1. Given (1) within 14 Å of another protein chain (Cβ to nearest Cβ); (2) closer than 16 Å to B:A88 by Cα, where does B:L26 come up short, assuming only one miss?
2. For A:Q778, work out the one condition from (1) surrounded by 19 or more Cβ atoms within 10 Å (Cβ to Cβ); (2) out of contact with any Gly (no Cβ under 9 Å at 6 or more places or on another chain); (3) in a helix (DSSP H, G or I) it doesn't fulfil.
3. Among residues belonging to segment B:81-96 that are at pLDDT 65 or above and at the interface with chain A (Cβ under 7 Å from one of its Cβ atoms), point out the one that is surrounded by the fewest Cβ atoms within 10 Å (Cβ to Cβ).
4. Quick check, is A:R935 out of contact with any Gly (no Cβ under 9 Å at 6 or more places or on another chain), modelled with pLDDT of 95 or more and not small (G, A, S)?
5. Considering only residues that are loosely packed, with under 13 Cβ neighbours inside 10 Å and in a helix (DSSP H, G or I), which ones fall in segment A:905-926?
6. For segment A:1109-1150, enumerate the residues that are within 21 Å of A:E1164 (Cβ to Cβ), in a loop (DSSP other than H, G, I, E, B) and not hydroxyl-bearing (S, T, Y).
7. With the structure loaded, tell me whether A:A769 is crowded, with 17+ Cβ neighbours inside 10 Å, within 20 Å of A:D1002 (Cα to Cα) and aliphatic (A, V, I, L, M) or whether it fails that test.
8. Kindly provide the set of residues from segment A:35-60 that are within 16 Å of A:G1028 (Cβ to Cβ) and either in contact (Cβ under 8 Å) with a residue 60 or more places away in the chain or among the basic types (K, R) (or both), ordered by number.
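The values are calculated or read from the model by the stated rules, or taken from the named source; none is laboratory data. Model, not experiment: these values are computed from the prediction. Neighbour counts are summed over all protein chains in view; Cβ atoms, including those assigned to glycine, are modelled from backbone coordinates with ideal geometry.
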Amino acid sequence: MRVTIDGNEAAADVAYRLNELCAIYPITPSSTMAELADEWSSHRRPNVWGTVPTVMEMQSEGGAAGAMHGALQGGALSTTFTASQGLLLMIPNMYKIAGELTSTVFHVAARSIAAQGLSIFGDHSDVMAVRQTGFALLSSASVQEAHDLALVAQAATLRTRVPFVHFFDGFRTSHEINTVELLPDEVLRELVPEQLVREHRLRALTPERPFVRGTAQNPDVYFQARETVNPFYSRTPGIVQSVMDELAAHTGRPYGLVEYAGHDAPEVVVVCMGSGAQTVRETVTHLVGGGARAGALQVRLYRPFPAAELVAALPASVRRVAVLDRTKEPGSNGEPLFLDVLTTLAEAHQRGAIETMPQVIGGRYGLSSKELTPGMVCAVYDELWEEYPRSRFTVGITDDVGGTSLLWDPDLVIEDPAMLRAVFYGIGSDGTVGANKNTIKILGSDPKVHAQAYFVYDSKKSGGLTVSHLRFGPHPIRAPYLVSKAHFVGCHHLGLLEKIDVLASAGDGATLLLNAPQPADEVWDALPRPVQQAIIDKKLTVWAIDADAVAREAGLPGRTNTVLQTCFFAISGVLPRRAAIEKVKAAIRKTYGRRGSEVVRRNEAAVDATIAALHEIPVPAAVSTDREPDPAVPADAPDFVRTVTAAMMAGRGDEIPVSALPVDGTYPSGTTAYEKRRISDLVATWDPDTCIQCGTCSFVCPHSVLRAKYVGEDALTGAPAGFPTAPLNAAGLPDTRYTLQVYAEDCTGCSLCVEACPVSPVGEPHRKAINLEPLEPQLQAQRGNVAFFETLPLAERSRVDFGTVRGTQFLQPLFEFSGACSGCGETPYLKLLTQLFGERATVANATGCSSIYGGNLPTTPWAKNAAGRGPAWSNSLFEDNAEFGLGLRLAADLHTGLARERLRELRDVVGPELADAILDARQVREFELTAQRERVAELLRRLADIGEVGGPAVADLRSVADHLLRRSVWIVGGDGWAYDIGSGGLDHVLASGRDVNVLVLDTEVYSNTGGQSSKATPLAAVAKFASGGKATAKKDLALQAIAYGNVYVARVAMGADPHQTLTAFREAEAYDGPSLIIAYSHCIAHGIEMSKGLDQQYRAVASGHWPLVRYDPTVRARGGNPFQLDSPRPRIPLGDYVYNELRYRMLRSSDPAEAERLLALAQEAVDQRWATYEEMATRPPARYAADARRKG
Amino acid sequence: MPDLTTHYLGLALRNPVVASASPLSLHLKGVRALADAGVGAIVLYSLFEEEVHREQLRDLQIVEAHEDAFGEALSYFPRQHTPEPGAAHHYLRQIERAVAAVDVPVIASLNGSTPGGWASFAASMESAGAAAIELNIYAVPGDPHTPGRIVEDRHVEILHAVKAAVTVPVAVKLSPHFSSVGEVALRLDQAGADGLVLFNRFLHPDIDPETLSVEPGVALSTPQEARLPRAWIAILHGHVAGSLAATTGVETAEDVAAYLLAGADVVMTASALLRHGVTHATTLVEGLEAWLDRKGFAHIDGVRGRLAVPREADPTAYERAGYVAALERGRATYGSLTGQGG
């Protein structure tokens, strides 16, 4: 059967059908495989032997590997899906599984490993890091191969007893959609006969035939025992090839362990593995067609390395070989595939198997999904034809430091002339990608058409760019690289033309579709000059439609996908127009049928209205404007931002040379401030006459776009006309004006501020003191206002009332304009953290949403103030964040200790009065901290005056003097980290007694990887990996931490009680010991209207799902009850909270009886917990554990 | 004791007092209370087309707004779940529960104005156990250019779609705002309506000068409003094959009797029950019994249509006569209505 699917589904489909257990954990880009397995299992889809596989989510990949090991020892056919760090966490068990000759296949969407920076994209760094474990490594180069070789791996592991990693390139193959022939169950059963399954079972542990496996061995036998497995590895290549041959007999698709393609008597050969091998093979076909004596060698089995097969496959005429590795081993003599090939050939030459030893060179390509295009492959062949080729090289980048990089022709296109190429530029929420996936399915359903789609996404979670690359043609499409010289370019937002070079991907004579709000006769003049010029130069045909208007009129505001998809079919000529429209409508009925008739009707109406609204735009002979797009960043931005950051922002990051990038992953703070994204047409707009200056809007703003200041009236001299202010309504400051500045270009239009605002203008109950208004009419004025606002002085921190929400609005946020989802529930807490403590904070951030919106290039939101101080931020890993943060604390404590010791030594030198004041300073209140900062500054001045003559003690003290100001160490992460993968570490760090502050941004689900269940997911909620509704209660992390007695614990929800949130943050930070804040964070994965996020927080608290509590060990020490219940008794039923969220409603529709049962249990749990909490709130203090730490 | 049993939409009813769609049947407790109070049948609260559509679109928006936007998370929910909108789900569950809880017929009420998804909802309602479907076609042609015939055709179209989807009887609840109400009623009767419910009450939105806002207007009906439906029932009685149900302005047993005399098969009430409590239904039923006794009727069949417009009479003359008589009574009561201006 022919289907159009992506690589993940292709692999998972076989893996699922051939296993009994899937132990899973989400990690990009492999998560889809696990999600599919979970969904199939919940649908009771059986494997080929009639069993419905068990799918078990674990707390980490390490846990998954452990469960796998156990299940395999128990005799179950078991598999897992992972990538990158996940695979690394499996390594210890992989040695065990291989050492015990246990049959299994791990399916890996190969991905980069976090080094100088994390990357979710594809290369072979992860699989190369397990090549020594004893697992066989089998590489698929395409979506079809990912399907076929998944079977080969499973059949081979059972025949050889050697465990397999079956891998394919993350994103490039895992996420590429292509037409694939599915393997029927009969073929699977044929290649994996039940006899093999039974043999696997017979090797299991059983008390009926007991034995011991997993012994500890001594020097006498360990070595020999390690050598026992050699015959199994020797046999493996041959067995894999025989399985491939059997598969070919069934399918007509032959595969080789090492496959040669190209000239019969080549002089030069390029060796490659993974999707890049497809590009190499296609390019060599092109070169040979031009007469070149060139060849390509695709390696499919990498471990055990098929040395004999490689020598046999390489034609004897070869004189030079280039080996391409998609990984980097700093400090090695070469990358692994290169070394393997070189060793193999050298040995073959030594023993006379090949007459002439070819010259072998090695190159790196494609790290983190960097493109490998035919032009780049040609560059590699060109290098081989050089008189003196470089022994080591890179291709695809400009390495102006090591001089390793090859030059390539970016314009080379070798694709089938019968193929149609199309590129679509959209933004995240507009449905462009979804529509293109639909288009691919429509076209791919024609048995004569082959189709391919690949999508490039932004690193921003809101308003990010999506670029869809589509190919259609009569022949199989083997082009695993982005489309260039497209025949059709769709620009689904006119504004993108101002930001990126959309037309770079257009071929001459291409069709350009613009979604433009202007009437057709005004569209041309609205285009900036370079775009007009490119249209003229490339002789493009231009069409335009106001898709937003068509969608709006059809009752689908903001959803232009159907309209623009119809345009594509109408003008691309890919199908006859009438037939195409019918197919679009059929697809609509299929896609939206279950979503309701009205949804279908409106989409069909949108299709019908499209053609009339689509207009061809005449292209004049010359440009009609001299308007240039705005520069990506202001001219006065720092050098690095102007040269490097701006290039990344404009989509030209590929052009940045090695020399321009930091050597150790260190980047400047606060670069989001330079990126005015203007992602919302509607922005917050302040009404000074109505405003009561309460600060709530600013407090809840997830994007830090609402800033308040109060200034003397004289400071407003020179303010732009209309600069809004109001008399400050606080007592004691006459002649002072208040202003609330909206950073309009950074506002995402989430409207949380509007929801939170407590006042309305008189007679206008539906308006607030802050409202959403169109950006365009106020854009210029707001730019001027922001510029002026930034010149106004900030409030002195020591004069701000830190204890009130009203006061905090005057504190500068040092976390701003992040790329988080519009209306994010997490970021207001981070912003608050930086307002209160940012000047002296270091932040350890677990991998997840917060590390992505917090640290994904090109621009990052953690900022610094005018004095150059601000939070120092780092992300280590997902699993180790608590430990990482503790390390920062320990280092700070060491250096504080050293500073104090040196200061005591130098007391008389620097002045006893100053030294004593510093050493004895209390540092809790802001004025105390301000005073200490001034003292330390004075100390540093005196130390500088003393200079080097002061000796090593002075130098020492100068290097650590900043630690004399109390440092605020924050450990930040989501619930996936705190409740699951990092749980052990968090527990240990909380038990350490050290002064760290842990902030858990609890979305109750793995948000960053797409909503998988965690142990924070509540009872009755549906999530991925809990599609039948979570059947266990959410872990009470607060109670666990309270049990230690010396941990400050708070559970907060800003939308329910902002003041309690503020109090908790301040108490936690001031507490000299471990603190834990669990913060309710509404999330898109809850299935809510994000503008109602705060209301939902309120309901979470009002229903008793999220009781607000604080546990302060210092209160116990003072004789009080340390447990404070901050929210009133539940006053709405749980159902009134949960059924506002799609994650709960889903179960109610899919399984009403189960939903009812689980809701009743969840309500019971709420009631029980409330009773427990009430009892705790009335306990005598002595019944709580004492803080046993030694004081002083 | 007189016999109150009757038939409506082919369903056997213990008496002709029917609880019409209202918030009273939102919860199972209310449904039980209505049955206990003695009503002959219960029309459940209305499932509003707008509500269902709004929920469909909202859920679509919630799911789609974040799909395929970010490389690590191309979706946020398991794929197989495409939830039925909450309102529809609730409604179907309420039908199931109500049918199980009471032994009088439970009629589902579908309120909307477009042909859209009526058919599938109606089929779901039938599967959930509804004894009949009441289509509450509530078209307010806000577009002043919409011709009357289009509005009428839409009623027939909706009725056809629903009739094709279900086997249980279907009643249509009409608005009185047609230029020829009678003709519309006859068209619907011919198109297969098993009954007509006269009339829908037009809930006029109103303007609040205090808050400067448009507020949805909700007011309970009064007995004075019963005259219009009663007149039309009197006219239609004997001209339609299906049942006739009267609604609006039923406050006392005498109001029920008046409707029966005009030709109604059943008499529906919501306002009186909301105003006086569910037990008022008992008052109506017992009052009707007493009235029948007092008037010497052994069975309500003997009452029905007694004061309807005779089949052979000229309805125009009847209306005209009623109008002239009303004017004359008005003059007698209030003085000249026409003379005040001059």
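1. Evaluating B:L26 over (1) within 14 Å of another protein chain (Cβ to nearest Cβ); (2) closer than 16 Å to B:A88 by Cα leaves (1) as the failure.
2. (1)
3. Initial filter on segment B:81-96 (at pLDDT 65 or above): B:86-96.
In the following step, the residues that additionally are at the interface with chain A (Cβ under 7 Å from one of its Cβ atoms) were identified as B:86, B:89, B:93.
Numbers: B:G86: 19, B:H89: 20, B:R93: 15.
Residue satisfying both the conditions and the ranking: B:R93.
4. Numbers: out of contact with any Gly (no Cβ under 9 Å at 6 or more places or on another chain): yes; modelled with pLDDT of 95 or more: yes; not small (G, A, S): yes.
Yes: the conditions hold for A:R935.
5. A:D908, A:P912, A:E913, A:D920
6. Filtering segment A:1109-1150 down to residues within 21 Å of A:E1164 (Cβ to Cβ) leaves A:1109, A:1125, A:1127-1141, A:1143-1145, A:1147-1148.
From what is left, the residues that are in a loop (DSSP other than H, G, I, E, B) are A:1127-1133, A:1139-1141.
Scanning segment A:1109-1150 gives A:P1128, A:R1129, A:P1130, A:R1131, A:I1132, A:P1133, A:N1140, A:E1141.
7. So A:A769 fails the test.
8. Start the filter on segment A:35-60 by keeping residues that are within 16 Å of A:G1028 (Cβ to Cβ), which leaves A:35-45, A:52-57.
Selection gives A:E35, A:D38, A:E39, A:S42, A:R44, A:R45, A:V55, A:E57.
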